[in-house]
Amino acid sequence: MATGQIFSKTTQALFYNYKQLPIQRMLDFDFLCGRETPSVAGIINPGSDGFQKLFFGQEEIAIPVHPTIEAACNAHPTADVFINFASFRSAAASSMSALKQPTIRVVAIIAEGVPESDTKQLISYARANNKVIIGPATVGGIQAGAFKIGDTAGTIDNIIQCKLYRPGSVGFVSKSGGMSNEMYNTIARVTDGIYEGIAIGGDVFPGSTLSDHILRFNNIPQVKMMVVLGELGGKDEYSLVEALKQGKVQKPVVAWVSGTCARLFKSEVQFGHAGAKSGGELESAQAKNQALRDAGAVVPTSYEALETAIKETFEKLVEDGKISPVTEITPPPIPEDLKTAIKSGKVRAPTHIISTISDDRGEEPCYAGVPMSTIIEQGYGVGDVISLLWFKRSLPRYCTQFIEMCIMLCADHGPCVSGAHNSIVTARAGKDLVSSLVSGLLTIGPRFGGAIDDAARYFKDAYDRGLTPYEFVEGMKKKGIRVPGIGHRIKSRDNRDKRVQLLQKYAHTHFPSVKYMEYAVQVETYTLSKANNLVLNVDGAIGSLFLDLLSGSGMFSKQEIDEIVEIGYLNGLFVLARSIGLIGHTFDQKRLKQPLYRHAWEDVLYTK
């Protein structure tokens, strides 16, 4: 593997399995380092494509999303690092696919628990094709001031504290990602900082070894000394011992192998990583530390003494003139996300939507403050839900039953009315459910089903002003306005609408007052004296009875009642109810596999 530098300030990566936070952290690091281009060239989300919006400094950018690894590599031929955030179940297959792409040089596998047999195949392929694997079970790696993988080095605050926004002189390699963060901080306190840091991962078979990276660091001129943090278990550190003995490493190496406390336990102890388990004296931390010391590495007597050993080694290199002082720079401030700034109280921002009827922020959704569990457990019906979401209060049961009755009675009125006809024709044209439903709903208006609000509005105004039926009807006639809620194409004095009769019967039985309905009946008596079909229709019945419901319940002010009628609540009942029937007609036509509808010539009057 040896060779040298694997990252630079122009390195770009492909990110597999979209994760917003680690990608944004990479882009924030880019901005901190003064990169001209984002380090994430593309995102791979199997089966998806499009773009993901993220921030590059203050600028919002769109990063392409690709459905396959091959498509991403073809679209971004200069991206040579593959960052794999797949789960342990699919990490091996996706990593092998990436390794086989000619444009990919480095693959970082974040998942832990990748089957060892799969990892061995990946390692074999990578070594045979001169490619680099970092991981599995890794946080990644970083080249200070140039490029970092995912969540490496943690937050921006930690990166700044560790001076990772500009290159130092130390090459660092560790098995542990968590301890890497600690060591970046330690190294920054006593040296000029990291040049490159790698966490090879804690699995038993890492894709690349400690010695692989130390030998690589040895070939990077900017790296003047190396720091190694190993751990008990396995024999990886012994390959570094051999490299030191053979004189392959010409730069100072400060090393420590963690896990010396394992001897205090009577039985074998498994530390955090899969590979951190001593299989005998040779794999103990003490044996490894002694072997490294004997091979020429600087090995302190304890972890606590590691910082001093690093400091002394660095200072000796400075004295010998091998390290020149680094010019400190002030990194640019990273713009804070609005959500974070609001949470910390630094800024305030206006909301874009106001909602008073429901809230989904807690453990369960609430309708007008009533938890979903309460609605189910207490047996609320559709009418109760409508009362909460439309009227923002729990109406008495007789009110919600009336609402449900209106919905049931208005759900359908056969296939011949205009709304149903439109839905049927649309469904037979092969259109989808939503299109068929909407085509029927768009016919609702003053002439079809949309007269409930107008009926309520005019009946209320006439009753409240004390107009007699004669004054009301004749006054509407002079204005050229038909009385809403009066008249029917089929029903008449001798063929009454059964729906109207059922509603009136229910109201007489349950409503405290039916003054508006009685006024509507008086109007009907007058209009029937003019024509046999000028009966109170279902729109007029619902409109007048809803006024009685609102005023008789004692739960609404006069202003609220006027607003409800004005906004269109009552027509909403018809829209909701008739949607049931229109959906039914759509399903009926599709179930019957009816062909495209064409109107018969015989039913059209062709004329000039």
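The values are calculated or read from the model by the stated rules, or taken from the named source; none is laboratory data. Everything numeric in this text was worked out from a predicted model, so none of it was measured. Neighbour counts run over all protein chains shown; Cβ positions are idealised from the backbone, glycine included. To get the accessible areas, we keep the full protein, side chains included, count just its heavy atoms, and leave off ligands, DNA and RNA. Shrake-Rupley method; radii C 1.70, N 1.55, O 1.52, S 1.80 Å.
Got a number for residues in the range 76-135 being among the basic types (Lys, Arg), in contact (Cβ under 8 Å) with a residue 40 or more places away in the chain and more than 22 Å from residue 37 (Cβ to Cβ)?
Here the count works out to 2.
Would you confirm, using the coordinates I've provided, whether residue 570 is in contact with an Asp or Glu (Cβ under 6 Å, 6 or more places away or on another chain), in the same structural domain as residue 491 (by the TED database) and outside any loop (DSSP other than H, G, I, E, B)?
yes
Return yes when residue 57 is surrounded by fewer than 22 Cβ atoms within 10 Å (Cβ to Cβ), without any contact (Cβ under 8 Å) to a residue 60 or more places away in the chain, touching a helix residue (DSSP H, G or I) at 6+ places or on another chain (Cβ under 7 Å) and not hydroxyl-bearing (Ser, Thr, Tyr) and no when it is not.
Against the criterion (surrounded by fewer than 22 Cβ atoms within 10 Å (Cβ to Cβ), without any contact (Cβ under 8 Å) to a residue 60 or more places away in the chain, touching a helix residue (DSSP H, G or I) at 6+ places or on another chain (Cβ under 7 Å) and not hydroxyl-bearing (Ser, Thr, Tyr)), residue 57 does not qualify.
Would you confirm whether any residue within the range 547-554 is of a type in the set (S, T, N, Q), assigned by the TED database to the domain that holds residue 418, surrounded by 12 or more Cβ atoms within 10 Å (Cβ to Cβ) and within 43 Å of the chain's Cα centre (by Cα)?
Taking every residue of the range 547-554 in turn, none turns out to be of a type in the set (S, T, N, Q), assigned by the TED database to the domain that holds residue 418, surrounded by 12 or more Cβ atoms within 10 Å (Cβ to Cβ) and within 43 Å of the chain's Cα centre (by Cα).
For every residue, the table says whether it meets (1) outside the structural domain of residue 565 (by the TED database); (2) more than 24 Å from residue 506 (Cα to Cα); (3) modelled with pLDDT of 95 or more.
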position	(1), (2), (3)
425	no, yes, yes
431	no, yes, yes
441	no, yes, yes
444	no, yes, no
447	no, yes, no
452	no, no, no
482	no, yes, no
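Would you confirm whether or not the range 11-20 contains a residue that is out of contact with any Leu (no Cβ under 8 Å at 6 or more places or on another chain), open to solvent by 30 Å² or more (accessible area, probe 1.4 Å), in a loop (DSSP other than H, G, I, E, B) and of a type in the set (Val, Ile, Thr)?
no
Are there any pairs with C-beta distances below 7 angstrom linking a residue in the range 586-598 that is closer than 11 Å to residue 429 by Cα to a residue that is assigned to a loop (DSSP other than H, G, I, E, B), with the two at least 6 apart or on different chains, and if so which?
596/429
Quick check on the range 39-48. Is at least one of its residues at pLDDT 95 or above, open to solvent by 10 Å² or more (accessible area, probe 1.4 Å) and of a type in the set (Ser, Thr, Tyr)?
The answer is no; no qualifying residue exists.
Does the range 478-494 contain any residue that is touching a strand residue (DSSP E or B) at 6+ places or on another chain (Cβ under 9 Å), open to solvent by 10 Å² or more (accessible area, probe 1.4 Å) and outside any loop (DSSP other than H, G, I, E, B)?
There is at least one residue in the range 478-494 that is touching a strand residue (DSSP E or B) at 6+ places or on another chain (Cβ under 9 Å), open to solvent by 10 Å² or more (accessible area, probe 1.4 Å) and outside any loop (DSSP other than H, G, I, E, B).
Any residue at all in the range 378-386 that is touching a Lys or Arg at 6+ places or on another chain (Cβ under 6 Å) and either modelled with pLDDT under 95 or surrounded by 13 or more Cβ atoms within 10 Å (Cβ to Cβ) (or both)?
No.
For the structure I just gave you, tell me whether residue 172 is touching a Leu at 6+ places or on another chain (Cβ under 9 Å), modelled with pLDDT of 95 or more and either within 24 Å of residue 3 (Cβ to Cβ) or open to solvent by 10 Å² or more (accessible area, probe 1.4 Å) (or both).
Yes.
Taking residue 356 and the conditions (1) open to solvent by less than 40 Å² (accessible area, probe 1.4 Å); (2) in contact with a Lys or Arg (Cβ under 9 Å, 6 or more places away or on another chain), which numbered condition does it fall short on, given that it satisfies the others?
For residue 356, the exception is condition (1).
Yes/no per residue for (1) among the acidic types (Asp, Glu); (2) closer than 23 Å to residue 395 by Cα; (3) in contact with a Cys (Cβ under 8 Å, 6 or more places away or on another chain):
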site	(1), (2), (3)
501	no, no, no
507	no, yes, no
510	no, yes, no
515	no, yes, no
529	no, no, no
532	no, no, no
566	yes, yes, no
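Name every residue in the range 559-601 that is under 17 Å from residue 434 (Cβ atoms) and β-branched (Val, Ile, Thr), in order of residue number.
If the condition is that a residue be under 17 Å from residue 434 (Cβ atoms) and β-branched (Val, Ile, Thr), then 575, 580, 583, 586 are the ones that fit.
Is there a residue in the range 480-495 that is closer than 26 Å to residue 562 by Cα and charged (D, E, K, R)?
yes
Identify the residue in the range 396-427 that is charged (D, E, K, R) and open to solvent by 50 Å² or more (accessible area, probe 1.4 Å) and, among all such residues, is nearest to residue 591 (Cα to Cα).
Among those residues, the one meeting the criterion is 412.
Residues checked against (1) at pLDDT below 90; (2) more than 20 Å from residue 139 (Cα to Cα); (3) not assigned by the TED database to the domain that holds residue 308:
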| site | (1), (2), (3) |
| --- | --- |
| 183 | no, no, no |
| 242 | no, yes, no |
| 253 | no, yes, no |
| 273 | yes, no, no |
| 284 | yes, yes, no |
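Look through the range 573-608, keep the residues that are among the hydroxyl-bearing types (Ser, Thr, Tyr) and not in a loop (DSSP other than H, G, I, E, B), and return whichever of them is nearest to residue 457 (Cα to Cα).
579
For the range 507-521, how many residues meet the condition of being touching a residue at least 24 places away in the same chain (Cβ under 8 Å) and surrounded by fewer than 16 Cβ atoms within 10 Å (Cβ to Cβ)?
Qualifying residue count for the region: 3.
Got a number for residues in the range 217-228 being over 16 Å from residue 246 (Cβ atoms) and either within 38 Å of the chain's Cα centre (by Cα) or surrounded by fewer than 23 Cβ atoms within 10 Å (Cβ to Cβ) (or both)?
Residues meeting the conditions: 3.
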